[in-house]
Every structure is written in structure tokens, then in C-alpha cells.
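Here's the structure we're looking at; comments come further down.
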Amino acid sequence: MATTERLGPSRTRRNSNKNILTRIRHGQISGGGLSRGTEALLQERDHQAKWHGIPVMLQRLYDSSHLNSDLSQIHSIIKEVASFLSMEAMSFVTEERRTAQESTSPNTYTFDLFGGVDLLVEILMRPTLTTQTNFPKMSDDLVKDCLSVLYNCCICMEGVTKSLASRDDFVMFLFTLMSNKKTFLQTATLIEDILGVRKEMIQLEGIPNLPSLVQSFNQQQLANFCRILSVTITEPDLGNDDKHTLLAKNAQQKTNLCPSHSEVNQVALLNIPGFIERLCKLATRKVSEASGASSLLLELQDWYTLLDNALVLDTLMQMATEDAEQSSIILLNESSLVTSPLRHSLPQSMKIVHEIMYKVEVLYVLCVLLIGRQRNQVHRMLAEFKLIPGLNNLFDKLIWRKQTSTHVLHGQNQNCDCSPEISFKIHFLRLLQSFSDHHENKYLLLNAQELNELSAISLKANIPEVEALVNTDRNLICDGKKGLLTRLLSVMKKEPAESSFRFWQARAVESFLRGSTSYADQVFLLKRGLLEHILFCIIDSGCKSRDVLQSYFDLLGELMKFNIDSFKRFNKYVNTEEKFQTFMTQINSSLVDSNMLVRCIILSLDRFESQMKVIVEVLSECSLLSYMVRVENRLTILFRLVNIINVQTLTQENVSCLNTSLVVLMLARRQSKLSLYLNALREKEYTEKYPGCLLNNFHNLLCFWQRHYLNKDKDSTCLENSSCILFTYWKETVSVLLDSDRTSLCAIASYIDEAYMDLGRDFLEV
């Protein structure tokens, strides 16, 4: 939670393990002790440096904190110290309202400088470091106050967080405190902050009695525990673009043959009996089934750190204001909440916020597990425990109960500082995307009537039903008047033009279509006006977001691929030259974003050309197919695709450009026109006055393609399913293009002059 850059003083002095109290203790052990002169000096300096007596209090705490000491006296001193630190921590919670100078933390710095952090850790852990059994037991309140002080220090000083994170013994000790319900929230909050800065990911298998610990949690505790789990099951974002290139990832996979720590942790969670089932229940429970308002208020009061950057409070006050407007109550400020009649309606709003926050954490964990190595196992469990029908029942009343204001679009691996309600929607959409993507369970997003509709579409078209549809267990599908996919389509079409939710919505719907193309699935969505909505967003809405446009291009490609009905609908909407030119401008403005759509159009055209009756009918009126059938236009696209990527810049996002260029050449090879295309690329090089550069770059890309895809079963399957071209033909075409025989008219090498051979080849050797 509190992992932002701190504004406190530098921590370099403490890192040398030379804080002042440590030196004083060393003097006492060696016989020097704390002289009266030193005490007097500290007291005199205390006034000048405005230490507020913290060093003296720490000395009293040290003198009182032996194994058999009076714990009430220790507690009294800690409370006294805490009063100086809590306000500084709170300033970070609302730091946007303060200047950097006002947000410094002199009291926290002094507390740490004089060894306060080390001393509290020692006090907490001391009972575990002795065999003595008759020492006084620390009260829950004392433990909670110690943890709160440590957390306040972490909020104000990142160096403290890093120091605690480096102590494996202390981290494991904290997990043992989570078994106590009264200290759970303070412990969980501190653990989350500590794990967020650790250099090495913690191994869940190392936590003592992890299965029994997790099984002892109630539902609220389990939801909060998911905040911690999110750090342990997600690969850390290295924050360096170079590390995300496919070249770097492949090199890393060669050196890291064993499963990563996050993958091992995912397996550890899946081995906990009942874990996934409980998460499904948490994700799908109704607000009315959550804890009562009284316990909720106590929990929010206890865990004030939930108000990070006041986001939760802001959301709460916004909801409360909405309730007030509906009841003709005017809420002037936060303090008026106490006396306002609104206090009677506030607990329900608080319950909604609280439940949403729980579900955000749970959905995130489920989503990460769903895209991990154990995906099929997780899929079976989510289906068995009816996650999708449960979310469908929550859709209107909780998930999308109202339109949310516009927000900034975040990347998939980016930390999100959105409000809980926005985060909830994003995680929900990402879960749907992961659930549907290339998996037969996607039909669980429909209800019985909608499944029957798919069957009827196949029957009318005289084509067999998709096997996955036939095998769908109807006891696990959505109930009610609409399935989850249909509900999503409804809100998608109502989303404001500037809303970044469009990106996630389009990704979720596209995942339903991905994989082997299903005519029935496409028609099901066409009948609900999806194609017209997409074209409106691309052509008429004025959308400028490249991310949103890319998601709509990809969705449009899946919706139109091999489907003559889609192209006819396209013709009806794009019925003027102006509209067509606007559409093509959007495509050509960024081929990285639109190349998947271009690929689908080219593949569809190839399919239609084998059906002469269809191609004559459609080409006569379809400007899109008429444009793509011209070889000169395909060559322009091919040149641009090859020119905008190279081996060093290939990522998971732009490798599709390489595969689209390969599709163009594979289809040319089928038509015995491969030499025509390669010669055109050579002529383009000379026209642009850089002979050899383009073809050498393409040669290097194809060499990388061989090394990358021939060892990637999943990627190769995706290529075959999405293109309906056997992967063996992909491999053959690449081999033909890379043939070293310079007499072959289908080999790239024969189109590169001897003087320009091997340009840039050194960069490929990694």
C-alpha cells in the first residue's frame, strides 16, 4: 500500500548499523554505560533539535523491555511515542494536500535514528527467542500498537521498510501473528508494505503451517490476505522496457529453467484445500451477505490505512452525497456527517465500498492464477464453483450498477491508483478476458436461451455445432434473462466515447471470439449490433486513444474474419468515400495497432477468392476488400510492417507485425507470387536509397521467429488456429525464405546484393 517514494530524510546513516541507541547499548555492554554527561547532552540537544524527548523515551523503553518486565509500563511508553509519529504518517495518507516541506517526518526519523525500530522488533520477537515459559504474555493491544508504530515508520521512511523486508526471520514471524484475529489487520497491513519492497519474492511454502493458517481465516481476513498474495504470485515489473523484449525474455528463459518463485507460490495456493472455492464465494457474494454495519464500522476504524490517498474516503463521501441528493439532503462537509440525517443511510454505502474493495483483491488473485501454468486446473475449479453465474447475478446491482466517470487507462502491469469502484470494474473485465481466451469454458458466459440461439445459427447455416458448445455443462452456465456476455455488450454500447473502459470491454469480448473461428459466435454478436458499434467508435466517435482503437481493431478483425455477413454489414455502415477514407486513415496511422485487423481482412479475402460466386458479389460493392485485393496496396503494407520492427525491439505487443507480414508472404507463396513480392521489396530498398537494410532486417526477424516459435507450443497453436493455416506451412515458408541458396527465387538471400549481405547480423547473436 505505502510503496510510493518517501519524502523523509536519507537513510544512509542507519544502513551502517550505527544508530545512536546501538552505540549507547554497546557502551553499556562494554562497561562504559550511559554517562550522566551523555544524558545531559541528549536532554540539552533534545531541546535544540526538537526531538520531543523521543531519545529519552526510547532509553526508558529499553531499560523496561526485559523478558520479565512490566508490560503495562512498556505499553505506556509505546503509546507516548506513537502520539508523536501518527500525525506524520497521516500526512502521507493525505500528502496531495501538503507541500513536500510539510510532509517531512522529523519525529519518525529521530525514532529510527535512536534505534526505535530495532527495539520494537526485538520486543515483538523476544518471546520466540527464548525457551522460558513463565514470562508475561504480551496483550493484543500492545502487539497492535507495536505494529502500528512500525507501519507508521514504514509510511514515512522507505529505508525502514527495506530494512524490515531484509529480515526473513521477522517477516516469517509476522505471518504467525495473523492467526490472531485481533492483530490480523495491523499485521496484514505491515506485511503487505514490507513484501512490496523486498528484492526477493517470499516463498509461501516457507510460512509455518500455511494451509491451516489460511483455513483459519474468516472471509474478511481471507479477502485482506489476498492483498498480500498479490505480491507473491505476480512476476515483478522490472520497469525496464529492454527487459520486456522477446529477445531478453528468451535469453532469461534459457538461464532460468526452473519455475519462478511466483509460479511455485501459485502451486502452493492451489494445494490449500478449499482455497479456490472460498475465493469464488467471496467474489460472488451479495452485499447483504457480508458482515453487519456495526462490525464494518469497527473494522474501518481499526484499519485506517485503508484510506490510502483518501481514495476510499472520497468514494464513500461521493456515494453518501449521491444518497443525500436522492433524499434531498445537502452534505456540506465531512464533519456534518455526524449530525446529518445521512448517518442513517451511510452504513449501506460503506458496506458497498467495503465489499467492492474485498472483491478487487479476490478477482486479482483469481485472474493471476487463471493465466498461470496451472490454468486448466484453475479453469475447472472456477467452473465447478460457479464463479461466472455468480458474477452474472451481481452485474447490474454491484459490478456495473452505474456508469463511472472517465479515468486514465493503465497498462496491464501498471500499479493502479484508481478508486475501488474503477479498479473493481477493470479486474472484473480482465478476469472475463482471461477466462474466455482460447478456452472452451467461454460458453459458460451465456445462459440456456443464448446457447440454444447458437445452436440455431449453426443449424440454419448448415454447419456443425462447435464441439465446445455441445460439451458445455448447462448446470454451470448463467441463469436469468441475460448471460454475462450479453450484459457486457449492453453496457459497452452505452459507455461514453472518452471512457477508457472501452479498452477492457473490447478485450473481454474479443477473447470470446479468439481461437478457432466460430461462425455462430460471430453471428450471435453481429445480431446484437456489435459491428456497427465498433465502426462508430473508430470512424464517428472522435476517439483518439491508441489503446482503445487497437482493442477495437482487434475485436473487429475477429468479428469479420471469414464472415461474409460481416463484410456486408461493413458495406452498409461505411457507405461513403469519406467514411472509408476516415477508416483507412485510422488503420494506416499505426499498423502496430491495426495489423491484426489487416491480417484478418487478407485471410478472409483469400478464403473468399476460393469461392468465386462470393468474391464477385462482395468485391463489386465492398471498398475494403477492393482495396486489399490490389497487390500494390498489400506491398505497401508489407513494406511498412517489416520496416517498423527489428529483432531488438520485438515485444509481445508488436510481434504480430512480423506474423502479419508472414501471412502476406504465405498467401503469395500459395499463388506462386512470392518472388514478385520479394523483388518489390528489393526495388523499394533502392528507391529509398538503403539497399540491403530492409531485406537483411527481415532475414534477421525470420531467424528469430524460428528460434522463438519452434519452442513455443502454445504460440504455434495460436498462430494455426487464428489463421487456419497449418503451422507446418508457416515453418516451410520461413525455411524457404531463409534458404541460403542464392539461386532460389523464393529465398531472401537472392535479392540482397553480395556487398550488403549480413547487415545487422551481429545484433541477432545474443
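The values are calculated or read from the model by the stated rules, or taken from the named source; none is laboratory data. All figures in this text were calculated on a predicted structure; none of them were measured in a lab. Every residue, glycine as well, gets a Cβ built from its backbone with ideal geometry; the counts of neighbours run over all protein chains shown. Note: areas computed on protein heavy atoms with side chains; ligands, DNA, RNA excluded. Shrake-Rupley method; radii C 1.70, N 1.55, O 1.52, S 1.80 Å.
Annotations
- Shown is the FRET efficiency for Asp739 and Ser455, computed with R0 = 60 Å from the Cβ-Cβ distance and rounded to the nearest 0.05: 0.80.
- Net length gained if the chain between Ile272 and Ser516 were fully extended (0.36 nm per residue, minus Cα distance): 84.4 nm
- Efficiency of FRET from Cβ geometry, Asn462 and Gln652, R₀ 25 Å, rounded to 0.05: 0.05
- Cα gyration tensor shape of region 640-720, rounded if a/c is under 1.5, else prolate or oblate by comparing a/b with b/c: oblate
- By average C-beta atoms within 10 angstrom, highest first, the peptides 529-537, 361-369: 361-369, 529-537
- Cβ crowding within 10 Å averaged over residues, with 173-182, 432-441 ranked highest first: 432-441, 173-182
- Computed Rg/Rh of region 604-674, alpha carbon atoms with Kirkwood Rh: 1.05
- Extension gain (nm, one decimal) between Lys397 and Cys724, 0.36 nm per residue minus Cα-Cα: 113.6 nm
- Share of carbon and sulfur in the accessible heavy-atom surface of region 671-749 [1.4 Å probe, %]: 52
- Under 14 Å, Cβ to Cβ, from Val574 - net charge with Lys/Arg +1 and Asp/Glu -1: -1
- One chain, two ends: His438 and Asp141. Fully extended at 0.36 nm per residue, the span grows by 101.8 nm beyond their Cα-Cα distance.
- Using the average count of surrounding beta-carbon atoms within 10 Å as a protection proxy, the listed peptides 515-521, 623-629, 541-547, 659-665 rank, highest first, as 659-665, 515-521, 623-629, 541-547.
- Each part gets one Cα centre, and for region 135-200 versus region 672-733 those centres are 54 Å apart.
- Of Lys281/Lys494; Lys144/Lys281; Lys397/Lys494; Lys351/Lys442, pairs whose Cα-Cα distance is over 23 Å: Lys281/Lys494; Lys144/Lys281; Lys351/Lys442
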